[in-house]
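Asker: Input: one structure, supplied below.
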Amino acid sequence: MGLVQQDPDAQICSFTVSQEVAFGLENLQIPSKDIKLKIKRVLAMLGISHLAEREVTNLSGGEKQRLALASILAMEPKVLVLDEPTAHLDPEGIMSMVAHLETLKNQYGYTVIVIEHRIEPFYKLADRMVVLEEGRLASDESPSTVFPLYRKKLDKTLRKSLKLRMDLAVDNPREPLLEVEGVVVRRAGIPVLQNVSFRLKPGEIMAVMGANGCGKTSLLLALLGHHQLEKGRVSYRGRDISHLDIQERVKEIGMILQNPGHQILERSVWQETLLAAEMLKPTRKFTVEAKNLLEEFSLLNYRNSSPFLLSMGEKKRLCAVSALVYEPDLLLLDEPLAGQDAGHLDLLMQHLYRHCEGGGSVLMVCHHPEVVASYCHRLLFLEGGQVGYEDRPDKVFQWLKERGKDAYLPLREGDRWEKK
């Protein structure tokens, strides 16, 4: 049996990509010449051959997720258990992974168990869909029975949000809150952002999409001041902040990291909720706001528990609550929807709308085309560290369609998951 965990960082333990795939094979005492062949085959299967000698610390979240899957597949277990394997994968990566799982299941007799909130990609693959509610079995039915009920609930939420988005901001006449001009960033000598420019105005939610490793996370970290700019300028409310360090920027810029475990510090959920607020705005009291948000996001019962005992989805919500409590004008969110069910997804987006109604802005990395189409005012698509296209979501999706990138289109543009 092979297990791919929800958090790939929790199971990766080697220095380079090839070493990580080899680790399990070496423990199984596979001959060296066979190990090399298996590494080459499985990396090619998952589209990461070019990363073979890359240091693991320089991988994106999606690349780490593919690596974790590769290291398990290389050992050829007959039972695969995948815990939210789509959480950090781009849409093309999801389709590729599902195609490989289908081959393993149908041609080689593998048993595949997938734990997921996004069931569309697995509709064709699955023979059964099991639904759990509060730790109990709610249903165990065929996909043709479960999937329509799931889509009906999700579509209702998306339609409501699409109307709200159109009402909020169509033509925004306000001056930019954030302006990025010709930004260039290198990491370990590798160019990760090249001449990136865009504007984000008050009241807007802008999504950032693109393939794993295209520079989405690097962009957010550069705006926060974590990555140094080689060239270019970042302006906030008309003031150049390129020279400011993180300590200065976080007073008005909040961020949720891709891996919440990298930013959670305190011993209890309650302490973590108030940490940023009390450090950055010590003269204010945030007790009421913190309690209300924890209750809304289904975390209040854990207020005295260690945040490190929460699930990945709960940790993501905790980081969101911590940022929302102290109300920075600009929110940088790196895949905040990973690990969220439809209800909590909608709840977070409604809070982001309220944030924008108050004059704030949101820049959000997101791999959900349906969410982008329904909730976001603008879409920035990155390709190889460069801006491919930036405009209203409908215009960017049309551009993607013309380029044959159907995996990035919302389901209503053509249901790519339906059984034939």
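Asker: Can you give the convex hull volume per residue for the Cα atoms of the chain, as a whole number of Å³?
Answerer: Enclosed volume per residue, from the Cα hull, is 148 Å³.
Asker: GLU102 to ASP140: extension gain in nm, 0.36 nm per residue of separation minus the Cα-Cα distance?
Answerer: 11.6 nm
Asker: Could you state the angle between the C-alpha long axis of helix 342-357 and the longest principal axis of the C-alpha atoms of the chain, as a value from 0 to 90 degrees rounded to the nearest 10?
Answerer: 20 degrees
Asker: For the stretch 2-146, with the dipole built from +1 on Lys and Arg beta-carbon atoms and -1 on Asp and Glu ones, taken about the Cα centre, which of HIS50, ALA10, SER60 lies farthest toward the positive end?
Answerer: Value: HIS50.
Asker: Past 21 Å, Cα to Cα, is the threshold; run LYS78/LYS105; LYS105/LYS315; LYS64/LYS316; LYS201/LYS395; LYS216/LYS316; LYS216/LYS281 against it and keep the listed order.
Answerer: Violating the 21 Å Cα-Cα cut-off are LYS105/LYS315; LYS216/LYS281.
Asker: Run the numbers on the chain and let me know its relative contact order in percent, using alpha-carbon pairs under 8 Å that are six or more apart.
Answerer: 17 percent
Asker: Hey, another quick one. Measuring from label point to label point, each 7 Å out along Cα→Cβ, what is the PHE308 to ASP245 span in nm?
Answerer: The two pseudo-label positions are separated by 2.7 nm.
Asker: Compute the helix-to-body angle for 91-108: its Cα long axis versus the longest principal axis of the chain, expressed 0 to 90° and rounded to tens.
Answerer: 20 degrees
Asker: Which angle from 0 to 90°, rounded to the nearest 10, does the C-alpha axis of helix 32-45 make with the longest principal axis of the chain?
Answerer: The helix 32-45 is inclined about 50 degrees to the chain.
Asker: Which one, MET75, LEU280, LEU101, is farthest towards the positive end of the dipole of the chain when Lys and Arg carry +1 and Asp and Glu -1 on their Cβ?
Answerer: LEU101
Asker: Next question. Points 7 angstrom from Cα along the Cβ direction at ASP391 and GLU26: gap in nanometres?
Answerer: 5.1 nm
Asker: Between ASN301 and ASN195, how many nm apart are label points set 7 Å from Cα along the C-beta direction?
Answerer: 5.5 nm
Asker: Send over the Kirkwood Rh of the stretch 2-146, from the inverse of the averaged 1/r over different Cα pairs, rounded to one decimal Å.
Answerer: 15.9 Å
Asker: Under unit Cβ charges (Lys, Arg +1; Asp, Glu -1), what dipole magnitude, rounded to 20 debye, does the stretch 315-420 have relative to its Cα centre?
Answerer: With Lys and Arg at +1 and Asp and Glu at -1, about 260 debye.
Asker: In straight Cα distance, which aspartates and glutamates are under 17 Å from LYS38, not counting same-chain residues fewer than 8 positions off?
Answerer: Straight-distance partners of LYS38: GLU20, GLU26, GLU53, GLU76.
We did not get these values from a lab; they are worked out from the coordinates using the rules stated. If you're wondering where the values come from, they're calculated on a predicted model, not measured in any experiment. Note that we place each Cβ from the backbone using ideal geometry, even for glycine, and neighbour counts take in every protein chain shown.
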